[in-house]
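Each remark here refers to the structure printed beneath this line.
The values are calculated or read from the model by the stated rules, or taken from the named source; none is laboratory data. None of the values given here were measured: they were computed from a predicted structure. Cβ placement follows ideal geometry from the backbone for every residue including glycine, while neighbour counts extend to all protein chains displayed. Heavy atoms of the whole protein, side chains included, go into the accessibility calculation; ligands, DNA and RNA do not. Shrake-Rupley method; radii C 1.70, N 1.55, O 1.52, S 1.80 Å.
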2 protein chains.
Amino acid sequence: MILQSARGVIGWDTRTKMPPRGIGLRSQQLALLSRFIHRMSTDSEIGMLLEKIEKHPDYASLGELQRRNVYLIRKTYDEETKLPEKLVVETARQATIARDVWVKAKAARNYSLFKPELAKVIDLRKQAADILMDVKKTKTPYDALIDIFEPKMTASQITPIFNELKTHLIKIIDKCVNSPNQPNPSLLRRKVPPSVQQEISKSLAKFIEYDVESKNAGGRIDETEHPFTIGYFDDVRITTHYYEDNVASSVFSVLHEGGHALYGQGINHDLMYQPVGQGCSSGFHESQSRFVENMVGRSREFWTSYYPQFKALTGNAFSDVPLDAFVHAVNYVQPSKIRIESDEVTYCLHIIIRFEIEQALFQDKVTVEELPTVWNQKYKDYLGQKIENDSEGVMQDTHWSGGAFGYFPSYALGNIYGGQILAAMAKDMPNWAGQMEKGDFHSIKQWLTTNVHTYGNLYDPIPLLKKISGQEINVKPFVDYLNAKFSKIYQY
Amino acid sequence: MILQSARGVIGWDTRTKMPPRGIGLRSQQLALLSRFIHRMSTDSEIGMLLEKIEKHPDYASLGELQRRNVYLIRKTYDEETKLPEKLVVETARQATIARDVWVKAKAARNYSLFKPELAKVIDLRKQAADILMDVKKTKTPYDALIDIFEPKMTASQITPIFNELKTHLIKIIDKCVNSPNQPNPSLLRRKVPPSVQQEISKSLAKFIEYDVESKNAGGRIDETEHPFTIGYFDDVRITTHYYEDNVASSVFSVLHEGGHALYGQGINHDLMYQPVGQGCSSGFHESQSRFVENMVGRSREFWTSYYPQFKALTGNAFSDVPLDAFVHAVNYVQPSKIRIESDEVTYCLHIIIRFEIEQALFQDKVTVEELPTVWNQKYKDYLGQKIENDSEGVMQDTHWSGGAFGYFPSYALGNIYGGQILAAMAKDMPNWAGQMEKGDFHSIKQWLTTNVHTYGNLYDPIPLLKKISGQEINVKPFVDYLNAKFSKIYQY
C-alpha cells in the first residue's frame, strides 16, 4: 500500500510536473518500484504465512474485517504468483509498443498499422486470461479479465442487464432527439479564460467539500490533457484541463474526478494501510465519479444554487443565458461517434458496444481483422452513426492498446450502481435535491461516505450494492432517473 | 541511485506540492524507501562481490573510473554496515524530536528548552563519529564527520586555512565599513509583485542556461520558504521564495540554486546511474552555487547586461536607480548576527565561528551548557556583534538540531574553491567578465562544465581542485578576488 502510494506520487509527478527531459530516469524509477512491489507481493513468505493463518484453528473466529484482509492478500498473491514473470514483462513491453503505434496509427487513420500490434496484445491477454481463469475459477477467460476490475462479475450476468439497458436507452434517446425542445449547445463555446476556470475549479471543489485550499487540505488540482485522480486517503489529487472555448469540459472534469477523490478520502480511516482500505471496484469508483458529475453536477438543482456564482466568476460571458437554457445545454442528448464526448444517456451504449465486441473477441467469434466492420455496424445499429474512418471508430480509445480488456463494462455498471445508490439515498433523504438547491452538498456527501465510501473493499461489488440498496443489480433505478430528468428537460 | 532519485522526487513533492494532510502517509513512504535504500546498500552480497572484485587478479588493470566506482561502493558499504541500525534509527528519531523542539525553543528564545535535546543529538553523533573514525581511519571523531561532507579533509588541515582567511576578511570588512562610500540598501526594499519576480526567475534561468521552459527542459522552479535544489541529471529542480519587498532575495536564491542545478546537470552523462555520477562534495557544490550567485550574479559586469531587462520587468520600481547604486546595494558589506542574511565578505566568518565551536565540542573542550557563551563571545570578537538572545545566536541554524555536525566547514571551503576556480577560468578565458557584460554566460558555463562539473565524483575535493587549478587549497585567489571587487565598489 505504502509503496504503491509512493509510486502513485511519482506517477502524478510524471504527468503534471516533471521536466520533459526527465522521462528516461523516470521510467527507471517506476520500473524499479514496480519490481519491488511485485517482489513484495509474491514473496514466498507471504504464501507460507497465508497458509498458516488459513489453517489456524482460530481462523474462523477472526472478525469479518481480518478475514477479508486475508482473502484479499490471498487473491493478489495467487494471481501474481501464477502469472509467469516472462508473460508480465512481455505484456508490459508489448503494451508500450502498441500504445506508441496506436498514437501513430490513429493520427494516420490507418488501422492496418495498428492491427498486428493489437493482435499481439490480445494474444498475450488471452494467455493471461487462461491462467487467471484457473486461479479465479471463472467459467470463461473473458470473465477472468472482467474480474480484475469488477470482482465476481461475469459476462453472462452482465449480458441481460446490458440488453435491458440498451432497449431503454434507445427509447429515451429517441424521445430526446425527436422532441421539439432542443437546447443551444453552442452557448457552451463562449470564451472563459483559463485563470477564471481555475477559480471555478476551486469553487466547485469547495462546493463538494473536497478540500484543496485549507491548512488541512488533503487534495489539490493540477492541469493535464487527460484528467485523472490519484492518491491514497489523506493525499488524493485530481487534474483537469482548461480549454478557453469549453468551460463545461473542465467543470464536469472537476466534478467527475472530485467524485473519485471523495470516494478515496471517504474510506474509513481505520482501514488505511490494509488491503481492505481501497475502493471496492472500478465500477464502484465510476459510480461515485458519475454521481457527482451527472446526478449532482448536471442537475437543475445544483445549477439553481451554483449558477449565480458561475455567472459572477465568468463576468459577462453568460449574463444573458437563463438557468434553464444553461441546464439544457449541459444535458444535450445527441448520439455521436466518440465515447468520451458523449452525453449521460448515450454513454452506456458506447460501453455496451465495446463489451459485446470484447466478449466476441475472447470467444474467438471475431478476429482482429474484422474488428472495424463489427464496430462500425454496431455504431450504425445502436447509435445511428456512420463511422467514416477507424480513428473515429475502433481506434478511438487507448484501453485496448494497453491490454485493458474487461475494463469497459465497469463504466456502464457504475452508472447502474449509481442509479441504485441514488434511489437508496432518496429513500433516506427525500429532500436531497432541495438541499442541493440551497447550495448544501454536505448531507449528500455525508450519506455517500456513510453508506458507500466508508466500506472500502470490505465487500465485492454486488454484496456492497445489496448492502446499500437492499437489491440485486438492476437497471430500473438508473432508467427511472434518466426518464424523470430528461422528460422534464426535453418535455417529452 | 535510481531509488535515491525516486526518494528525491517524493521529498521535493513533500516540500512543494503535497496537500498538508498527506504528511502522515508521506513519512511512511519516505521511511520505507529509506529502509529499502539502506537494505540494498548493506546487502551482504555487495560485500562478497566487492571482495571478489578487489582480490581479482585483473583488478589493477581496471580503468580509473571503474576503480573509483568500486572504491565509492566500498566506502558506502563499510560505513553503512558498521553503523548499528539501532544507532541510525535512534539518531533519526532524536533528530526529528530535536528539530521540533528547536523550532519551539527558537520561537520562545529559550535555549534551556533546546539544550537537553541538543545534548542527546550530540551524544548520538559522537557515538557515530567514534565508529566512523575507525572505518574512515581519521585521527579524530570530528574529522570522521567532516569526511561525510568533504572527503579526506581534516580539522587540522582546515584550521590554518580558516585562520588565514579570518585575518584577511576582518581587514576587508574594516576597509568597507570605514569607507565613506556607503550604498543605499533600502532601495532593495522597493516592491516587486511576486508574479513579476516569477518572470525575473525565468529570465535568470534563461541567462545561466538552466532550461526550465523548453520542450526539452530538465529543470523547473517552484516556491518554498527555504530555497533548495534537488534532482539527478535530466531532472534537477530548484525552488525560491518571493517576498514583495525583497526582490534581491529571490534573484540571488535563483542564481545560487541555479549554480547547484548546473553542477547536477553538467556531470558527464555517461556516469549516470554509477556511484561516480554525483557531485564531488558539499564544498564543491557550494563553490558552484556561490560562483553563480556571487562571482557572476553580484558582479558589475552581469548587471551591466541584465539591468535593462530587470528594469523593464519591474516597471518603474528601479527606473531612477543608476547601475552603480544598484550594484553597490547588492554588495553591501555589513557585519551582522545572522548567517543566512550575511554578505559575501562576512559570510565565511559566520562559518569559521561554527567550525571552531564544533571542533571544541567534539574535543570535549566546550559543553552544551557553555555553547551560548562561547558563541556570543566569538560573534563579539570576529564580527563585533552583541547577541541579545539565543534565537539570534546559537539557535539560528537548523543544522545542529538535525545532527549535521561537520557540514558547516564546506560552506567556507566552497568559497575558497570558488576563488581558485575563478582564477583558473580567468587564466583560460581572460575576457570572461567582458563576455558576461555582453550578456553571454555560455562560455563560462561551458568552462565550468568542462573543467568542474563533468568529473562528477571521480576525485576527492583536493585532488579535483588541483586538477582544475594546478594548486593545493589556498585562500589567496578568493581574498584577491574580494579585494579587487570590493576595493572598486567601496573605493578603498
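The table for this structure:
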| quantity | calculated |
| --- | --- |
| In sequence order, calculated HN-Hα J values of segment B:108-121 (Karplus, 6.51, -1.76, 1.60; Hz; x Gly/Pro) | 8, 6, 10, 5, 5, 5, 6, 3, x, 5, 4, 4, 5, 4 |
| Two-site label geometry, B:E370 and B:D270: point separation in nm, points 7 Å out along Cα→Cβ | 5.4 |
| Label point 7 Å beyond Cα along the C-beta direction, distances from B:L323 to other copies (nm, shortest first) | 6.5 |
| Cα→Cβ-extended label distance, 7 Å offset, between A:S186 and A:S61, nm | 7.5 |
| Principal axis dimensions, largest first and in whole angstrom, of the protein assembly as shown by Cα | 92, 70, 57 |
| Radius, Kirkwood style, for chain A when every pair of distinct Cα atoms is counted (Å) | 23.9 |
| Per-copy distances of the B:K137 label point, shortest first, in nm (7 angstrom along Cα→Cβ) | 6.5 |
| Solvent exposure ordering (accessible area, 1.4 Å, most first) of B:H350, B:H38 | B:H38, B:H350 |
| Antiparallel %, DSSP beta bridges [both residues in the protein assembly as shown], to 5 | 55 |
| Label spacing, shortest first and in nm, from A:T224 to its equivalents in the remaining copies (7 angstrom along Cα→Cβ) | 2.3 |
| Cβ-defined net charge surrounding A:T304, 15 Å radius [Lys, Arg +1; Asp, Glu -1] | +2 |
| In segment A:138-231, trypsin sites (Lys or Arg not before Pro) in a DSSP loop with at most 10 other beta-carbon atoms within 10 Å | A:K215 |
| Inter-site label distance for A:Q4 and B:K52 at 7 Å from Cα along Cβ, in nm | 3.6 |
| In degrees, nearest ten, helix B:371-383 long axis to first principal axis of chain B (Cα) | 40 |
| Span from the segment B:379-457 Cα centroid across to the segment B:174-236 one, whole angstrom | 16 |
| Which of B:K488, A:K337 is most accessible, then next, and so on - probe 1.4 Å | B:K488, A:K337 |
| Distant-in-sequence amide H partners of B:G231 (H built 1.01 Å from N, under 5 Å) | B:R237 |
| On Cα atoms only, tilt of B:194-207 relative to the major axis of chain B in degrees | 80 |
| Heavy atoms of B:M133: accessible area, 1.4 Å probe, square angstrom to 10 | 50 |
| Qualifying GluC sites (Glu not before Pro) in segment A:139-229, DSSP loop, other Cβ atoms within 10 Å at most 16 | A:E209, A:E213, A:E225 |
| Positive minus negative residues near B:K337 (Lys, Arg vs Asp, Glu; Cβ under 15 Å) | 0 |
| Residues B:E213 and B:K152, FRET efficiency given R0 of 41 Å [Cβ-Cβ distance, rounded to 0.05] | 0.55 |
| Neighbour cut-off at most 12 other Cβ (10 Å), DSSP loop, GluC sites (Glu not before Pro), segment B:322-421 | B:E369, B:E388 |
| Estimated vicinal HN-Hα couplings, Hz - segment B:455-469 in sequence order (Karplus 6.51, -1.76, 1.60; Gly, Pro = x) | 6, x, 9, 6, 9, 6, x, 5, x, 5, 4, 5, 4, 6, 9 |
| Under 10 Å, Cβ to Cβ, from A:P151 - net charge with Lys/Arg +1 and Asp/Glu -1 | 0 |
| Degrees between helix B:408-428 axis and first principal axis of chain B (Cα, 0 to 90, nearest 10) | 60 |
| Where Cα atoms sit under 21 Å apart: lysine pairs in segment B:133-257 separated by 8 or more or lying on different chains | 7 |
| Gain on full stretching of the segment that runs from B:D428 to B:E90 - 0.36 nm per residue minus C-alpha separation | 116.7 nm |
| Accessible area (Å², 1.4 Å probe, nearest 10) - B:S156 | 90 |
| Heavy atoms of A:D147 accessible to a 1.4 Å probe, total area in Å² rounded to 10 | 10 |
| Segment A:D130-A:R39, extension gain: residue separation times 0.36 nm, minus the distance between their alpha carbons | 30.5 nm |
| Sum of -39500 (n - 2.57) over DSSP H runs of 4+, divided by residues of chain A (222 nm, nearest 500) | -20000 deg cm²/dmol |
